[in-house]
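**Student:** Sharing a structure below in structure tokens format, with a few things to ask.
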Amino acid sequence: MDAENPKQVYEDLKSQIRYHNYRYYVLDDPVVSDFEYDQMLKQLEKIEAQHPDWVTPDSPSQRAGAEPQDKFEKVVHPVPILSLANAYDPQGLRDWFDRISKLDERVGKTEFTIEPKLDGLTVVLRYDNGVFTQGATRGNGVIGEDITANLRTINVLPLRIPVQPGGPAVPEVLYVRGEALIYKSDFENLNQLLEEAGEKTYLNPRNTAAGSLRQLDPRITAQRPLKLLVYAIVAHRNGEIPTSQWETLEYLRALGFPVAASSRRVATLEDAIQICMETDPGQFAYELDGMVIKLNDLALSADLGVVGKDPRGAIAYKFPAEVVSTKLVDIGVNVGRTGVLTPYAILDPVEIRGAVIKQATLHNFDYIAETDIRVGDRVMVKRAGEVIPYIIGPVVDARDGTEKPYVPPPVCPSCGEPVVNPPDEVAYYCVNSSCPAQLVRNLEHFVSQGAMDIVGLGINTVQQLVDAGLLTDLADLYHLSKNQLLKLEGFKEKKAENLIASIEASKSQPLARLINALGIRGVGEVAAQDLAARYHDLDALSQASAEEIEAIGGFGPSIAENITEWFASPDNQAMLAKLRASGVWPTAEEKTAGGPRPLDGLTFVITGTLPSLSRAEAKNLIETNGGKVTGSVSARTSYLLLGEDPGSKFDKARQLGVPMLSEADLQQLIKDKAQ
Ligand code: IVH
């Protein structure tokens, strides 16, 4: 540390971290490795521990979530936070344009911007001399609620602008408007985790985002995958701001805010209409319920004024209804891999935006009771982008008395064994370890790509084998014979031989894959790799205590307990003994100090979207195998791990002649080197 000016060292460190934060979260294009970033954060925390009086709320260390509050304070917005008028078809947009053209002749000459109409929670962010000082909900448009502490936990929200030295000048006070939202994939992951933990799942990304931000405990908000996209400057004091909407978007982007990449600028209303018609909301990573068309000239917009709460200078084109009503014919129940029973709606087929919907999720049994959904009801169904359609609720007025309240099944619909509903969980479980429905799901997982990767064994064949009584547990796979298969429908000589061969080949899958394949609740690919790196074989793992597993890091008490419970089950032990007897018993080098690992000494850079691993999972895979992951390509990079839509790192690697690997190549490299 620079002993002469430690405060300056601290300030420099903060601005570096701020910049790397922005590269990572907003641009998704980090230039340093996570390791280097973590080192900087640690250094920052060290300095702050020595000088607590230096810490200000805009320090990158202040995102984790502050103490809970009793209530939200009220915030008066600097100007009313307006809404938008809606149009539902091209004619509605043309009518809007004709109306305002008559009011001001400049309308005919201005350009337009088109932006996604984000379906999140509107937020108003205040910056004083570039420091984020206050964030509020829209409320009634005049007064909102102070949710600063919650907003601070959103990683893409800059705590200080501009995020990078040399960025545009910032007015003394700046109010920025945007939407806080949850991306569809993050939403689905969150729900999957909740479902596996037997907790209540959320209805949709919008409600989850809104609910998370209205939490009195910011530490809970910090655990939600919230994002932000901004689109307007609401007010400012002292300083310059752009005069057009397009420049506003560019300016906000240059300050370090996340701005929707799909925003466009066009010369005519007809161009804008064409874009609206061609846009498929399913293509977006987040939910949108339409497009917003704005006059690019902001002075003109301001001069046109407002009608009620709607500014004349902008209009929302709403996509055709995504909510329809239909009859709930029946309620079916799925049995998941972990035995969780999940109800689903069987509907009179109905079309929503071109797709025919016959089924929809009902989340859990509590949801059916709370929403008072009855069999025979007319129900409202919503489909948003790729998110699975769900039932919003019944149309109570349409009831004729024939509807039947629903009672959760007392026994498993697959095996008929009694169902269990633990007192502190919303989930109902079938706890019969030989339940055929669970077995089918478990097998489906066991043979899948990230697990034992048994080619040629799809869900239908799995079902066929279980129905034929050939499989009663996972280990039975390794006892199948060609003759048995030949007796089944659709199996000819070649197909049977191929399947037997791929089952045989799976015996040499590494330990991590087998651990993942077992389907222990909460143990996915990444956790399985960590366990394989720590334990030599399944014997060692089955003797580990929950405390010991927790000590590995990244394992919470409930997952650790799931693991020990899984291994304590006599059925599972019997199944493991069968696996072992069949020769399915991979071993791994224990991660003792300095033991050699397959990727030792190799440095990787990751770019683009990989087919099955997330960036964090890929990094974890490389690191648990001894490799290093850095953020930028250099002559010292051993390999570029290349996914789809690569960034600039791809060009750099090509220039430098750095070899490139696909995800499958990487898996192969680890396997080859491990031998
Ligand atoms: S501009 C005066 N732009 O949709 C400017 N609003 O249904 C008015 N919204 O209350 C808002 N995406 O919260 C604007 N790109 C976008 C938007 C957007 C979503 C929200 C906004 C508004 C609501 C109106």
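The values are calculated or read from the model by the stated rules, or taken from the named source; none is laboratory data. Nothing here was measured: the structure is a model prediction, and the numbers come from that model. Neighbour counts run over all protein chains shown; Cβ positions are idealised from the backbone, glycine included. Just so you know, the surface numbers come from the protein's heavy atoms only, side chains and all, with ligands and any DNA or RNA stripped out. Shrake-Rupley method; radii C 1.70, N 1.55, O 1.52, S 1.80 Å.
**Student:** When R138 is evaluated against the numbered criteria (1) open to solvent by 40 Å² or more (accessible area, probe 1.4 Å); (2) more than 13 Å from the ligand (Cβ to nearest atom), which criterion, by number, is the only one it fails?
**Tutor:** Every condition holds for R138 apart from (2).
**Student:** With respect to the numbered conditions (1) closer than 19 Å to V131 by Cβ; (2) exposed (fewer than 12 other Cβ atoms within 10 Å of the Cβ); (3) of a type in the set (S, T, N, Q), which one is the sole condition not fulfilled by N5?
**Tutor:** (1)
**Student:** What are the residues in region 401-439 that are outside any loop (DSSP other than H, G, I, E, B) and either of a type outside the set (D, E, K, R) or touching a residue at least 60 places away in the same chain (Cβ under 8 Å) (or both), if any?
**Tutor:** P405, V411, P418, V419, V420, Y428, Y429, C430, P436, A437, Q438, L439
**Student:** Could you tell me which residue of region 404-423 is nearest to the chain's Cα centre (by Cα), considering only residues that are within 22 Å of T371 (Cβ to Cβ) and open to solvent by 40 Å² or more (accessible area, probe 1.4 Å)? If you could, list the steps in order and put the result at the bottom.
**Tutor:** Of all residues in region 404-423, those within 22 Å of T371 (Cβ to Cβ) come to 404-410, 413, 419, 421.
Now restrict to residues that are open to solvent by 40 Å² or more (accessible area, probe 1.4 Å): 404-407, 410, 413, 421.
Numbers: K404: 36, P405: 34, Y406: 32, V407: 33, P410: 34, P413: 31, N421: 28 Å.
Taking the candidates together, the pick is N421.
**Student:** In region 649-674, how many are surrounded by 13 or more Cβ atoms within 10 Å (Cβ to Cβ) and acidic (D, E)?
**Tutor:** Residues meeting the conditions: 2.
**Student:** Is there a residue in region 575-587 that is among the basic types (K, R), surrounded by 15 or more Cβ atoms within 10 Å (Cβ to Cβ) and farther than 30 Å from L486 by Cα?
**Tutor:** The answer is no, given that none of the residues of region 575-587 is among the basic types (K, R), surrounded by 15 or more Cβ atoms within 10 Å (Cβ to Cβ) and farther than 30 Å from L486 by Cα.
**Student:** Something else now. Return the residues of region 120-135 that are among the polar types (S, T, N, Q) and away from the ligand (no atom under 16 Å from the Cβ); say none if nothing qualifies. I'd like the intermediate steps shown before the answer.
**Tutor:** Going through region 120-135, the residues among the polar types (S, T, N, Q) turn out to be 122, 129, 133-134.
Scanning region 120-135 gives N129, T133, Q134.
**Student:** Testing I392 on (1) within 27 Å of F187 (Cα to Cα); (2) crowded, with 18+ Cβ neighbours inside 10 Å; (3) in contact (Cβ under 8 Å) with a residue 40 or more places away in the chain; (4) β-branched (V, I, T), one condition comes back false. Which one is that?
**Tutor:** With respect to (1) within 27 Å of F187 (Cα to Cα); (2) crowded, with 18+ Cβ neighbours inside 10 Å; (3) in contact (Cβ under 8 Å) with a residue 40 or more places away in the chain; (4) β-branched (V, I, T), I392 is out only on (2).
**Student:** Note down all Cβ pairs under 8 Å where the first residue falls in region 219-242 and is at positive phi and touching a residue at least 24 places away in the same chain (Cβ under 8 Å), the second is surrounded by 18 or more Cβ atoms within 10 Å (Cβ to Cβ) and part of a loop (DSSP other than H, G, I, E, B), and they're at least six residues apart or on different chains.
**Tutor:** N238/P171; G239/V170; G239/P171
**Student:** Select from region 245-281 the residues that are at pLDDT 95 or above, among the hydroxyl-bearing types (S, T, Y) and under 30 Å from R160 (Cα atoms) and list them in ascending order.
**Tutor:** Passing the criteria: T248, Y251, S263.
**Student:** Return yes or no: is A64 small (G, A, S), under 31 Å from the mean Cα position of the chain (by Cα), surrounded by fewer than 16 Cβ atoms within 10 Å (Cβ to Cβ) and farther than 23 Å from I233 by Cα? Lay out the reasoning, then the answer.
**Tutor:** Details: small (G, A, S): yes; under 31 Å from the mean Cα position of the chain (by Cα): yes; surrounded by fewer than 16 Cβ atoms within 10 Å (Cβ to Cβ): yes; farther than 23 Å from I233 by Cα: yes.
The answer is yes for A64.
**Student:** How many residues are of a type outside the set (S, T, N, Q) and over 32 Å from the mean Cα position of the chain (by Cα) if we restrict to region 385-403? Give the steps one after another, and end with the answer.
**Tutor:** First, the residues of region 385-403 that are of a type outside the set (S, T, N, Q): 385-401, 403.
Applying the additional criterion that residues be over 32 Å from the mean Cα position of the chain (by Cα) yields 396-401, 403.
Matching residues across region 385-403 total 7.
**Student:** Scan region 99-119 for residues that are among the acidic types (D, E), modelled with pLDDT of 95 or more and either closer than 17 Å to K318 by Cα or within 14 Å of the ligand (Cβ to nearest atom) (or both) and jot them down.
**Tutor:** The answer is E115, and nothing else.
**Student:** I'd like to check something: does region 270-284 contain any residue that is among the charged types (D, E, K, R), loosely packed, with under 14 Cβ neighbours inside 10 Å, over 21 Å from S185 (Cα atoms) and in contact (Cβ under 8 Å) with a residue 60 or more places away in the chain?
**Tutor:** Residues of region 270-284 among the charged types (D, E, K, R): 270-271, 278, 280.
Subset that is loosely packed, with under 14 Cβ neighbours inside 10 Å: 270, 278, 280.
Add one more test, that the residue is over 21 Å from S185 (Cα atoms), and what stays is 270, 278.
Narrowing further to those that are in contact (Cβ under 8 Å) with a residue 60 or more places away in the chain: none.
Taking every residue of region 270-284 in turn, none turns out to be among the charged types (D, E, K, R), loosely packed, with under 14 Cβ neighbours inside 10 Å, over 21 Å from S185 (Cα atoms) and in contact (Cβ under 8 Å) with a residue 60 or more places away in the chain.
**Student:** Checking the condition farther than 18 Å from V333 by Cα and in a strand (DSSP E or B), which residue from K358, K382 passes? First the steps, then the outcome.
**Tutor:** Values: K358 fails: farther than 18 Å from V333 by Cα.
Testing whether each residue is farther than 18 Å from V333 by Cα and in a strand (DSSP E or B) leaves just K382.
**Student:** List pairs: first in region 104-125 and free of Cβ contacts under 8 Å to residues at least 24 places away in the same chain, second more than 7 Å from the ligand (Cβ to nearest atom) and open to solvent by 30 Å² or more (accessible area, probe 1.4 Å), Cβ under 6 Å, 6+ apart or cross-chain?
**Tutor:** Once the first residue is free of Cβ contacts under 8 Å to residues at least 24 places away in the same chain and sits in region 104-125, its partners that are more than 7 Å from the ligand (Cβ to nearest atom) and open to solvent by 30 Å² or more (accessible area, probe 1.4 Å) give G108/S101.
**Student:** What do you reckon, is E111 open to solvent by 40 Å² or more (accessible area, probe 1.4 Å), farther than 30 Å from I606 by Cβ and more than 32 Å from the chain's Cα centre (by Cα)?
**Tutor:** Details: open to solvent by 40 Å² or more (accessible area, probe 1.4 Å): yes; farther than 30 Å from I606 by Cβ: yes; more than 32 Å from the chain's Cα centre (by Cα): yes.
Judged against the criteria, E111 is a match.
**Student:** Can you name every residue in region 78-98 that is among the polar types (S, T, N, Q) and away from the ligand (no atom under 16 Å from the Cβ)?
**Tutor:** Step one: of region 78-98, the residues among the polar types (S, T, N, Q) are 83, 86, 91.
Once the filter is applied, which keeps residues that are among the polar types (S, T, N, Q) and away from the ligand (no atom under 16 Å from the Cβ), region 78-98 yields only Q91.
**Student:** Let me ask something else about it. Can you say whether F35 is open to solvent by less than 40 Å² (accessible area, probe 1.4 Å), on the phi < 0 side of the Ramachandran plot and of a type in the set (F, W, Y), as far as the supplied structure shows? So that I can check it myself, show each step before the final result.
**Tutor:** On the way: open to solvent by less than 40 Å² (accessible area, probe 1.4 Å): no; on the phi < 0 side of the Ramachandran plot: yes; of a type in the set (F, W, Y): yes.
No; evaluated as a whole, the condition is false for this residue.
**Student:** Every residue in region 317-357 that is of a type in the set (S, T, N, Q), buried (at least 20 other Cβ atoms within 10 Å of the Cβ) and within 22 Å of R374 (Cα to Cα), please.
**Tutor:** Taking region 317-357 first, the residues of a type in the set (S, T, N, Q) are 325-326, 334, 338, 342.
From what's left, buried (at least 20 other Cβ atoms within 10 Å of the Cβ): 326, 338.
Once the filter is applied, which keeps residues that are of a type in the set (S, T, N, Q), buried (at least 20 other Cβ atoms within 10 Å of the Cβ) and within 22 Å of R374 (Cα to Cα), region 317-357 yields only T326.
**Student:** With respect to F132, determine if the residue is modelled with pLDDT of 95 or more and either in a strand (DSSP E or B) or closer than 26 Å to E287 by Cα (or both).
**Tutor:** Details: modelled with pLDDT of 95 or more: yes; either in a strand (DSSP E or B) or closer than 26 Å to E287 by Cα (or both): yes.
Against the criterion (modelled with pLDDT of 95 or more and either in a strand (DSSP E or B) or closer than 26 Å to E287 by Cα (or both)), F132 qualifies.
**Student:** Next up: I'd like the full set of residues that are within 23 Å of R580 (Cα to Cα), free of Cβ contacts under 8 Å to residues at least 40 places away in the same chain and open to solvent by 70 Å² or more (accessible area, probe 1.4 Å), limited to region 449-482.
**Tutor:** Result: T472, single match.
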